[in-house]
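Structure record follows, encoded as structure tokens.
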Amino acid sequence: LYDLLTNTRYGIGNFLDDTEDINVFNLYKIARYCDAVDNNGYFVGIPDGLGGLEPRFSANLLINQSDSAFEIINQISAIFNGNAFWANGVLDFYSDRPVKPAAIFNNSNVFDGYFNYQDVSKASNFNCVSVQFQDKNNNFTIKNEVIEDEDGIRKDGKLIREVNGRGATSRGQARRLAKYVLYSNKLEREIVYFKAGLEALMVNVGDIIE
């Protein structure tokens with residue numbers, strides 16, 4: 001991703017300055033999370049399901065046609081469950097990973113002390129996720145990794161969501177993606193709206209709040 005942002009031949013390096021236009025520090029933190037390294041940079045790894053270890057996210061891609069630069073950037077960012085966005089004149093990134101809460105909002109620092117809650121549409125429910133990936137251990141044959149919510153299937157019947165595991169060439173990564181999609185849909189079922197004061201300016205895209 002960083003290479004595409006800075007390369008002047010096949011990337012967009014002619015339009016960006018890597019020290020001024022890209023939040024390289026945040027991108028570096030995300031890269032360490034993707035690589036599954038410890039605080040000292042040594043590889044720790046994630047179980048690959050075959051008795052070995054692998055990086056948390058790998059991007060094995062072939063980009064063989066031109067497209068919108070921002071579209072390609074976000075497609076790659078989606079591999080680590082994140083996205084790219086412009087903020088304060090800088091191209092920034094976030095990934096959905098464990099972090100400490102960035103702010104606390106309650107009745108005392110919210111406009112009129114009012115929180116508006118809304119449930120996610122039930123029409124978006126599913127209880128089975130099938131992720132398509134290219135298996136590097138079997139000549140990159142296209143396969144599907146399926147994760148099911150058995151309780152949900154017993155209750156509502158099988159509702160399948162098919163996902164393209166872009167960049168995934170291991171069963172372990174495809175399985176983690178399937179679990180992420182399934183449990184995000186099952187557990188993140190409520191949206192809250194509220195208005196806050198200047199302290200809200202300290203919150204960035206993807207931050208965790210309480």
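The values are calculated or read from the model by the stated rules, or taken from the named source; none is laboratory data. Values in this document were obtained by computation on a predicted structure and should not be read as measured data. Positions of Cβ are generated from backbone atoms using ideal geometry, with glycine treated the same way; all protein chains shown enter the neighbour counts. Heads up: the accessible areas ignore ligands, DNA and RNA and are worked out on the full protein's heavy atoms, side chains in. Shrake-Rupley method; radii C 1.70, N 1.55, O 1.52, S 1.80 Å.
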Pair list, Cβ < 6 Å and 6+ apart or interchain, from region 182-210 residues that are under 26 Å from LEU27 (Cα atoms) to residues that are open to solvent by 60 Å² or more (accessible area, probe 1.4 Å) and aromatic (Phe, Trp, Tyr): VAL205/TYR94; GLY206/TYR94
Only listed residue being in contact with a Gly (Cβ under 6 Å, 6 or more places away or on another chain) and of a type in the set (A, V, I, L, M, F, W, C), chosen from LEU61, LEU50: LEU61
Out of everything in region 67-117 that is closer than 23 Å to VAL181 by Cβ and assigned to a loop (DSSP other than H, G, I, E, B), what residue ends up being most open to solvent (accessible area, probe 1.4 Å)? PRO98
Going through (1) aliphatic (A, V, I, L, M); (2) free of Cβ contacts under 8 Å to residues at least 12 places away in the same chain; (3) closer than 30 Å to ALA36 by Cβ one by one, ALA123 fails only at (3)
Is at least one residue of region 123-144 part of a loop (DSSP other than H, G, I, E, B) and charged (D, E, K, R)? no
With the condition kept exactly as written, say whether any residue in region 172-181 is of a type outside the set (D, E, K, R) and in a strand (DSSP E or B). no
Hits in region 136-172 (condition: open to solvent by 100 Å² or more (accessible area, probe 1.4 Å), polar (S, T, N, Q) and free of Cβ contacts under 8 Å to residues at least 12 places away in the same chain): ASN139
Filtered residues of region 35-66 (kept if of a type outside the set (A, V, I, L, M) and open to solvent by less than 60 Å² (accessible area, probe 1.4 Å)): ASP38, GLY41, GLY45, ASP48, GLY52, GLU54, PRO55, ARG56, PHE57, SER58
Given the conditions (1) within 30 Å of ILE153 (Cβ to Cβ); (2) crowded, with 18+ Cβ neighbours inside 10 Å; (3) small (Gly, Ala, Ser), every one holds for SER124 apart from (2)
Do you know which residues across region 16-34 are farther than 22 Å from ARG166 by Cα and surrounded by 15 or more Cβ atoms within 10 Å (Cβ to Cβ)? LEU16, ASP21, ILE22, ASN23, VAL24, ASN26
Is there any pair linking a residue in region 13-36 that is closer than 15 Å to GLY82 by Cβ to one that is outside any helix (DSSP H, G or I) and aliphatic (A, V, I, L, M), with Cβ under 8 Å and at least six apart or on different chains, and which? ILE22/LEU16; ILE22/VAL90; ILE22/LEU91; ASN23/VAL90; ASN23/LEU91; LEU27/LEU1
Out of (1) of a type in the set (Gly, Ala, Ser); (2) open to solvent by 40 Å² or more (accessible area, probe 1.4 Å); (3) in contact with a Ser or Thr (Cβ under 7 Å, 6 or more places away or on another chain), the one GLY13 does not meet is (2)
With the requirement that a residue be of a type in the set (Phe, Trp, Tyr) and surrounded by fewer than 16 Cβ atoms within 10 Å (Cβ to Cβ), what does region 173-193 give you? TYR183, TYR193
